[in-house]
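Report on the structure given below.
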Amino acid sequence: MRRMTVLAAAAASLVLLLSGCASTPNTPANAVGGSSTPAAISGEVSVSAAASLKGAFDKAIAEFTSAHPEVHITANYDGSSTLATQIDGGAKVDVFASADQANMAKVTDPGLASDPVIFARNTLVVVVPKSNPGDVKTLQDLAKKSLKVVLCAPAVPCGAASQTLLKNEGVTVTPASEEQNVTAVLTKVAGDEADAGLVYKTDAATTDQVSSFVPDGAGKVVNSYPIVTLKDAPNRPAAQAFVDFITGVDGQTILASFGFDRP
């Protein structure tokens, strides 16, 4: 009799055990004790990025959205000072990537964002048309009055860096024009509208219509690029995921392939 009681109890325990196992698949993945999975991201994301980032960010956006097909990213490329002004003026932006820390401060100081992360660095080069009609070989040559030299405007990161470089090296240049972003400088030189200009090394590498060289003192004038998710970003989860991608291994690999130095 005792043996039958023991067997009955064991059978009951086995039934309860099997019943518990059968219910396990119905346990939510994010329930306590369950295996957590990251929330899916979707929706529109607006990225305002420095003009010098266009090639690298276009590729990064393509790879990111390939991995997250429910996310659609719209990129706005321009001078960092222009982008910062737009954000300060109320533009609905999720992510801001500046070519310098000074223009990022225009966004973080008013409290529109906080804790930006440096994700890349860049240095200046002198660019000339492929035929080099002005016979420009040194930074000092830019001071020749016979030359038509174009620079970025001082408020733009490449312009501020150019002014610092020229001042450090004791070179005085009267530019024929001051452009609102580095792409405009490169376009004028590549189109033979100018004899020389100062752009980032990453920009010079995007076209075979110019020649370039690293001027003396360039190594002392390095631009650091910060990126941040705006506090009022309409799509913060997807925006932060993109920032994490840019600062992560895949994003850093893409940036390095375009000539950017690691932070």
Query - Candidate set: the range 43-73, residues that are among the polar types (S, T, N, Q) and part of a helix (DSSP H, G or I); chosen: the one nearest to the chain's Cα centre (by Cα) - result: S52
Query raised in the report: When residues of the range 158-174 are filtered for being part of a loop (DSSP other than H, G, I, E, B), open to solvent by less than 70 Å² (accessible area, probe 1.4 Å) and among the β-branched types (V, I, T), how many remain?
Result: 2
Query - Members of the range 197-218 found to be farther than 18 Å from S52 by Cα and open to solvent by less than 30 Å² (accessible area, probe 1.4 Å), listed by number - result: P215, G217
**Report entry** Tabulated pairs, the range 60-72, first open to solvent by 90 Å² or more (accessible area, probe 1.4 Å), second at pLDDT 95 or above and in a helix (DSSP H, G or I), C-beta under 8 angstrom, 6+ apart or interchain
**Finding:** H72/T65
Requested in this report: Sort out which residues of the range 80-94 are part of a loop (DSSP other than H, G, I, E, B), touching a residue at least 24 places away in the same chain (Cβ under 8 Å) and either within 11 Å of A49 (Cβ to Cβ) or open to solvent by 50 Å² or more (accessible area, probe 1.4 Å) (or both), and write them in order of number.
Outcome: K92, V93
Requested in this report: Just name the residue that is most open to solvent (accessible area, probe 1.4 Å) out of those in the range 99-140 that are of a type in the set (D, E) and without any contact (Cβ under 8 Å) to a residue 24 or more places away in the chain.
Outcome: D109
Report task. Could you grab the pairs with beta carbons closer than 9 Å, sequence gap of 6+ or different chains, first residue in the range 234-255 and free of Cβ contacts under 8 Å to residues at least 40 places away in the same chain and over 20 Å from A51 (Cβ atoms), second one open to solvent by less than 70 Å² (accessible area, probe 1.4 Å) and part of a helix (DSSP H, G or I)? Result -> D244/G251
Query raised in the report: surrounded by 17 or more Cβ atoms within 10 Å (Cβ to Cβ) and modelled with pLDDT of 95 or more: does that describe A153?
Result: yes
Query raised in the report: Are any of the residues in the range 219-239 more than 22 Å from V47 (Cβ to Cβ), open to solvent by less than 10 Å² (accessible area, probe 1.4 Å) and not in a loop (DSSP other than H, G, I, E, B)?
Result: no
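The values are calculated or read from the model by the stated rules, or taken from the named source; none is laboratory data. Small disclaimer: the values here were computed from a predicted structure and weren't measured. Neighbour counts are summed over all protein chains in view; Cβ atoms, including those assigned to glycine, are modelled from backbone coordinates with ideal geometry. Surface accessibility is based on the protein's heavy atoms, side chains included, excluding ligands, DNA and RNA. Shrake-Rupley method; radii C 1.70, N 1.55, O 1.52, S 1.80 Å.
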